[in-house]
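Worksheet: one structure, shown below.
The numbers here are math on the coordinates, done by the rules we state, and not lab data. In this text, all values refer to a predicted model and were calculated from it rather than measured experimentally. Counting neighbours? That spans all protein chains shown, and the Cβs are built from the backbone with ideal geometry, glycine included.
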Amino acid sequence: MNKRITLKIAGIERETNDIKTYSFKHSLNAQPAQFIMLTDFEGGEKPFSISDCTEDVFSITVKRIGEFTTRLFQKRVGDYVSIRGAFGSSFFVSQGKVLLIGGGYAVPTFYFLSKVLKENGAEVTLINGARTKDEHLFSEKLSKLGIKVINTTDDGTFGEKGTSVDITKRMLNHHSQAGAWERENGKMFDFVYVSGPEMMMKALQPLLKDHDYEFLFERYMKCAIGICGNCTMDPLGIRLCVEGPVLPKKLVEQLTEFGQYHRDATGKRIKY
Amino acid sequence: MNKRITLKIAGIERETNDIKTYSFKHSLNAQPAQFIMLTDFEGGEKPFSISDCTEDVFSITVKRIGEFTTRLFQKRVGDYVSIRGAFGSSFFVSQGKVLLIGGGYAVPTFYFLSKVLKENGAEVTLINGARTKDEHLFSEKLSKLGIKVINTTDDGTFGEKGTSVDITKRMLNHHSQAGAWERENGKMFDFVYVSGPEMMMKALQPLLKDHDYEFLFERYMKCAIGICGNCTMDPLGIRLCVEGPVLPKKLVEQLTEFGQYHRDATGKRIKY
Amino acid sequence: MRKRLKTKFLGIEVNLPLVLPAGIMDMSFSGLDISAKNGAGIVTSKSLTLEPRLGHKGPVVAEFESGLLNAVGLCNPGIVDGLTEINQFKERSDTPVIVSVFATNTDDFSKLTNHVNKSRGDFLELNLSCPNVFDEFGIPLAASKDEVFKIVKAVKEISRLPIIAKLSPNVYDIVEIALAAEKAGADALCMINTVGPGMLINTKMVKPVLFNKFGGLSGPCIKPIALKLIYQTYSALNIPIIGMGGVTIGEDAIEMIMAGATLVGVGTAVYYRGIEVFDKINREIIEFMDENNYDNLEDIPKLEKLK
Amino acid sequence: MRKRLKTKFLGIEVNLPLVLPAGIMDMSFSGLDISAKNGAGIVTSKSLTLEPRLGHKGPVVAEFESGLLNAVGLCNPGIVDGLTEINQFKERSDTPVIVSVFATNTDDFSKLTNHVNKSRGDFLELNLSCPNVFDEFGIPLAASKDEVFKIVKAVKEISRLPIIAKLSPNVYDIVEIALAAEKAGADALCMINTVGPGMLINTKMVKPVLFNKFGGLSGPCIKPIALKLIYQTYSALNIPIIGMGGVTIGEDAIEMIMAGATLVGVGTAVYYRGIEVFDKINREIIEFMDENNYDNLEDIPKLEKLK
Ligand SMILES: Cc1cc2nc3c(=O)[nH]c(=O)nc-3n(C[C@H](O)[C@H](O)[C@H](O)COP(=O)(O)OP(=O)(O)OC[C@H]3O[C@@H](n4cnc5c(N)ncnc54)[C@H](O)[C@@H]3O)c2cc1C
Ligand SMILES: Cc1cc2nc3c(=O)[nH]c(=O)nc-3n(C[C@H](O)[C@H](O)[C@H](O)COP(=O)(O)OP(=O)(O)OC[C@H]3O[C@@H](n4cnc5c(N)ncnc54)[C@H](O)[C@@H]3O)c2cc1C
Ligand SMILES: Cc1cc2nc3c(=O)[nH]c(=O)nc-3n(C[C@H](O)[C@H](O)[C@H](O)COP(=O)(O)O)c2cc1C
Ligand SMILES: Cc1cc2nc3c(=O)[nH]c(=O)nc-3n(C[C@H](O)[C@H](O)[C@H](O)COP(=O)(O)O)c2cc1C
Ligand code: FES
Ligand code: FES
């Protein structure tokens, strides 16, 4: 399962100026939220979430940030890259009414998750947030899934105006507005999934205190096989590459480092 | 299959002055003619044929010859020894009328083979030869199997007088005597098995030219896993520890070293 | 049951004989803590250097059928932040901690020792495995008995904590190096560090798998090498040994003990059997003791010493 | 199909790139013959010494999950009988033979060479891996560039056959040793010999498994070490290399070639995959070439050299 495989890039799709989706012909057999480690052997091996996975094709959606992703952006269809994985835990596949709250390059994971949830008979609502229209991701792909998508941008250039947090707050607080969904036990959703920048998740946590949820975390990963200890979350010693990247509510609530700090490649704590 | 197992000696039976049978509680799953490598970690690891093997017990029958076997003779029930195996090829399990010709410490292998042949419905005749009465082996055990046993000693102190070769010659030549068994195709036996000193086998070979047969060979063994090359038979490069110790007629007929020489622990040829 | 695994190491009672070695699950206090909770009797910090180190670019680990190659490159947050993690661990746990430090000369090792003296660590481990610095005869530091002697002696003079010398297996004469460490005042040895290094090649892309090209071997492939070196060292020295290198199941740990180890490190096996590997091996050791009628860990015999 | 695997080695056309290494299936002419028939392009004799050697008492091999330990102890029938086997092999086969010889000093190597000169062998391989004889600086022969230089030079002066130096992996600086061999006139290198040595323990009987206690490692566990050393040597030298150490499947052989090997040895894998292993690997190499569009063996690229 963790063996290295070396694949030609089968397809490249430009999503935004800074984001591309790379697809590969391979039976990866991954679950939503799992990730691969990808390298071109030119320096760096980096984690990327699976944004789609069928029987014989899978894809990742990459944001250009630094040296590695910039090099990746120069690759063409037919170029080789080498991957390990899929690694890590995957999202619980719930039934009933579920809410997905996503921001930035973390949204594509929710494309894969939404497909799986729909197949499982869940009624999916997805808040798809970005800063501005140009950075908004996957709205077309998601609209084809037959789920309820609430598009939102911080500046209102696409969909509703406001952050994912604003929208969630509105949705969960304004009972009048959300009346139709509300359930007897006071929970509007059977399950909530969050994937996005850590401070967004931190802001959402209090809003979701009555809900059952899972968060998708990111920490600096080196080995991805649970030995280097670079990706542990304090104080539990949970390795995000093995026990994560998805963590359930009862663990999230115990994380003292959540929203406070993470560790860089040296292991040094970096404050948020 | 080749993993080392370390076992307590479960039973020791004195067969003759120089020969003992050691039994072990272990599910070895060996076939007749296969052998184990046995060591006590005090110097030496030596091949011994399986003389019996049931679901959970197996045994070997050992002749005291040199340093190693002398030390083995001093062991008691409950002492540990360590084995690898079972290794090598096993006898073809024939049906019909079969003849087993055995001499010396090679006879016990035929106890195991006889059991298997009988279960397979074969009609077994066994020539059990030794030099003299005191060295004659397994006559009681064999008699209990319900097969035809012809005991013989060179000096006539037990059973018929003469070598196994003499007896075989008599049996195969004197059609009158053997008339009842003779078959239409001129062969008295459907299959012949020989296990004993190499010169005995060499002497038997011309007598058996009209029969189908298998011989059990011995060569100096070190690795028993087919890499050291110490046990190869010229000119075929057959490894007795892997492709042997049982070889079928069509290979035996090609062996130029058979009855001529063998190799010692240095690989040096030793003439017979 | 657990009581049967108690042992002593440098005067300290250790509840369980397994050690989390340097470089495994030890970047954070919580990594040390989860390892202890899963049955490590002693935990070791990442090898800390005076300044933070980024280590090598990825891939930093490469798997092959018999073990791992790693070229993490001694990445660590530096001695100051590293000791903070250790102190924070000691606030929550009684498990003894070995502070591992790495340098390439006596001066830096001394400076590191001064830092460690002020920490809550229980033992100071000197990672003496540097293959990239050479003595005047062109011998790598790890293999130079003179360098090893100098460093251990200097550190011994100022260290508040007992000293463990961590040795490289890649030397001609391990006993010579170990004796130098002992003579210089090392209280114990930890061995072995990774073997080689080695290389693996991606045949499709015609590239070394590790960006650093070369990486140290760990895991099952190195066990026989570890056993041999530990046995030779045990035969010649009087100080205790933390034995490691490829220990994956209980029987491996027993082999280490029979070869001469007092405690047994389990590193790469965390990958093969999960962080629960410590408790799994603890249980397997107990099973072995039951099968072979040993009451306590200390009843397990050692090999007759080499002459 | 087979034509695509043709290559050249020291001016000789070699039909298949796999080599039966010293010590494997080579005690008799028939062992060499069956190996050649199963797809070895070159076969090597057991390392022959002036006098016959019994080798160590058994057990002489010990298996573990990642490979083998062996302590056969250079058992061989001596140079005279050994060459008889080789000559007899050459009567039946066109496959080139490497005559491997072992000694611990220049004189004995020279005497061995005189014998080999009179044989039908095609290459002379000097097994320079002795760890038990030391030069004046206490460095094992295998690791002493001066000793290696002396021996190779002396042999080169009298040898009728091209010379292959077989190197030990257990040295600090393989390039230094390899360069010494090249400078002294070695025509090619064969690497690597066994690693370690190592030890395994029988825990029930509290005994080393090998009667010799220690044995050299071969098989999958040593492949990364072999690749690294071959790559370093290939990067620094100009003579061809027979690469070996753990090659078990076609892809291992490809790795060896990419690391710099011209020919590839397959030893321990005879145990794992039978004597047919040579043809199996030949087929797997062809499959790799098909998948990656290499027409001929020589089209398979090498890694960029180390700087
Ligand atoms: C579980 C997980 C899933 C991820 N999924 C995606 C994804 O689907 N799409 C995507 O674009 N990005 C994803 N990332 C982030 C991605 O790994 C980084 O953006 C990428 O490594 C940046 O590399 P760089 O050299 O271009 O940038 P750099 O300049 O090296 O780094 C920029 C930032 O990226 C992050 N980063 C760098 N290296 C790593 C690393 N080894 N492990 C974790 N974070 C790192 C750090 O926050 C760093 O500050 C994921 C990260 C994790 C941990
Ligand atoms: C396939 C096979 C099956 C055998 N089965 C039996 C058996 O069931 N019962 C039995 O008593 N003996 C059997 N032997 C022979 C047995 O291995 C030797 O008798 C034993 O090794 C002698 O060891 P020693 O130290 O006592 O004598 P040594 O003094 O060492 O040798 C005496 C003679 O035993 C033979 N021998 C010694 N070592 C070996 C070795 N490693 N491999 C092969 N032959 C060796 C040689 O012919 C030697 O001349 C078998 C041998 C082989 C090859
Ligand atoms: C990823 C990794 C990182 C390591 N980092 C260090 C280190 O920083 N300091 C050190 O002394 N040893 C380090 N080691 C070596 C281990 O402590 C241990 O000696 C070696 O891995 C052998 O044990 P094992 O086979 O059980 O892993 C590291 C090993 C691995 C696999
Ligand atoms: C049983 C055995 C015997 C060996 N004998 C010799 C020898 O006599 N001379 C020699 O140079 N190498 C000898 N070797 C080393 C091999 O030639 C080879 O270098 C080593 O085993 C690595 O290759 P492998 O992993 O494919 O086996 C021997 C190896 C084994 C396993
Ligand atoms: S990335 Fe190494 S433990 Fe998670
Ligand atoms: S005993 Fe080694 S090949 Fe048969």
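Out of the DSSP beta bridges found with both residues in the protein assembly as shown, what percent are antiparallel (nearest 5)?
Antiparallel: roughly 50 percent of the beta bridges in the protein assembly as shown.
What does the charge dipole of segment A:97-271 about its Cα centre add up to, to the nearest 20 debye, if the Cβ of each Lys and Arg holds +1 and the Cβ of each Asp and Glu holds -1?
It comes to approximately 240 debye.
What is the magnitude of the charge dipole of segment C:1-150 about its Cα centre, with +1 placed on the Cβ of each Lys and Arg, -1 on the Cβ of each Asp and Glu, and no other charges, expressed in debye to the nearest 20?
Roughly 700 debye for segment C:1-150.
So for chain C, considering every pair of alpha-carbon atoms, how many percent are separated by more than 25 Å?
45 percent
For each of A:His136, D:His115, count neighbouring Cβ atoms within 10 Å of the residue's Cβ, then give the residues from fewest to most.
D:His115, A:His136
On the first, second and third principal axes, largest extent first, how far apart are the outermost C-alpha atoms of segment B:5-87 in Å?
Here the Cα extents, ordered largest to smallest, are 30, 25, 24 Å.
Quick one: label points 7 angstrom along Cα→Cβ at B:Asp166, distances to the other copies in nm, smallest first?
Computed spacing set for this position: 11.4 nm.
So for segment A:97-271, what are the equivalent ellipsoid semi-axes in whole Å, largest first, each being the square root of 5 times an eigenvalue of the Cα gyration tensor?
Semi-axes from the Cα gyration tensor: 28, 18, 16 Å.
Under a point spin-label approximation (7 Å from Cα along Cα-to-Cβ), what is the C:Lys118-B:Glu253 distance to one decimal in nm?
That separation, rounded to one decimal, is 9.1 nm.
Less than 19 Å apart at the alpha-carbon level, and either on another chain or at least 8 residues along: which aspartates and glutamates does that give for B:Lys209?
B:Asp166, B:Glu182, B:Glu184, B:Asp190, B:Glu198, B:Glu253, B:Glu257
Computed over the Cα atoms of segment C:6-64, what is the ratio Rg over Rh, Rh following Kirkwood?
Using only Cα positions, Rg/Rh for segment C:6-64 is 1.07.
Which single residue of chain A puts its beta carbon nearest to the axis of rotation relating A to B, and what distance, in whole Å, does that give?
Residue with the nearest Cβ, plus whole-Å distance, for chain A: A:Lys3, 13.
Can you pull the one-decimal nm distance between simple spin-label points at C:Glu298 and B:Thr70, each 7 Å off the Cα toward Cβ?
That separation, rounded to one decimal, is 4.2 nm.
Please compare each pair in B:Lys97/B:Lys161; C:Lys3/C:Lys46; A:Lys133/A:Lys169; A:Lys25/A:Lys187 to a cut-off of 32 Å on the Cα-Cα distance and tell me which ones are over it.
Listed pairs above 32 Å: A:Lys25/A:Lys187.
Give the nm distances, rounded to one decimal, from B:Gly66 to the matching residue in every other copy, measuring between label points 7 Å along Cα toward the beta carbon; shortest first.
In ascending order, 6.7 nm.
Given a Förster distance of 22 Å, report the FRET efficiency between D:Asn132 and C:Phe137 from their Cβ-Cβ distance, rounded to the nearest 0.05.
0.50
State whether segment B:40-190 is rounded, prolate or oblate according to the following rule on the C-alpha gyration tensor (a ≥ b ≥ c being the square roots of its eigenvalues): a/c under 1.5 gives rounded; otherwise a/b larger than b/c gives prolate, and the remaining case gives oblate.
prolate
Assigning unit charges at the beta carbon (Lys, Arg +1; Asp, Glu -1) and nothing else, what dipole magnitude in debye, to the nearest 20, does the protein assembly as shown show about its Cα centre?
So the magnitude is around 60 debye.
If all Cα-Cα distances of segment D:1-155 are sorted into 10 Å bins from 0 onward, what percent lands in each bin, rounded to whole numbers?
11, 35, 35, 17, 2, 0
At q = 0.04, 0.05, 0.08 Å⁻¹, what is the base-10 log of I(q)/I(0) for the protein assembly as shown according to the Debye formula with one equal point scatterer per Cα and no solvent? Please give it to two decimals.
Debye output, listed in q order: -0.27, -0.42, -0.96.
Among the aspartates and glutamates, select those whose C-alpha is under 17 Å from the C-alpha of B:Lys75, and discard any that sit fewer than 8 residues away in the same chain.
B:Glu13, B:Glu15, B:Asp18, B:Asp40, B:Glu42, B:Glu45, B:Glu67
Segment B:1-57 to segment C:36-100: how many Å between their Cα centroids?
49 Å
Helix-only mean residue ellipticity at 222 nm, chain D, DSSP H runs n ≥ 4 weighted -39,500 (n - 2.57), per residue, nearest 500. What is it?
Calculated mean residue ellipticity at 222 nm is -10500 deg cm²/dmol.
Please report the relative contact order for chain C, taking Cα pairs under 8 Å with a sequence separation of at least 6, and give it as a percent rounded to a whole number.
Relative contact order comes out at 18 percent.
Projected onto the charge dipole of segment B:7-129 (+1 at Lys/Arg Cβ, -1 at Asp/Glu Cβ, origin at the Cα centre), which of B:Ile83, B:Asn128, B:Ile65 gives the Cα projection farthest towards the positive end?
B:Ile65
What nm distances, shortest first, do you get from the label point of D:Ser110 to those in the other copies when the point sits 7 angstrom along Cα to Cβ?
The answer, with the shortest distance listed first, is 5.3 nm.
Indicate, rounded to the nearest 5 percent, the antiparallel portion of the DSSP beta bridges found entirely in chain B.
60 percent
Among the aspartates and glutamates, which fall within straight-line cross-link reach of A:Lys148, defined as a Cα-Cα distance under 13 Å, with same-chain neighbours fewer than 8 residues apart omitted?
A:Glu123, A:Glu140
Please order C:Tyr271, C:Tyr294 by the number of other Cβ within 10 Å, starting at the fewest.
Neighbour counts put them in this order, fewest first: C:Tyr294, C:Tyr271.
Of A:Lys8/D:Lys302; A:Lys3/D:Lys280; A:Lys3/B:Lys222; A:Lys46/C:Lys213; B:Lys222/B:Lys271, which sit over 27 Å apart, Cα to Cα?
A:Lys3/B:Lys222
Can you sort C:Glu91, B:Glu135 by how many other beta carbons sit within 10 Å, fewest first?
C:Glu91, B:Glu135
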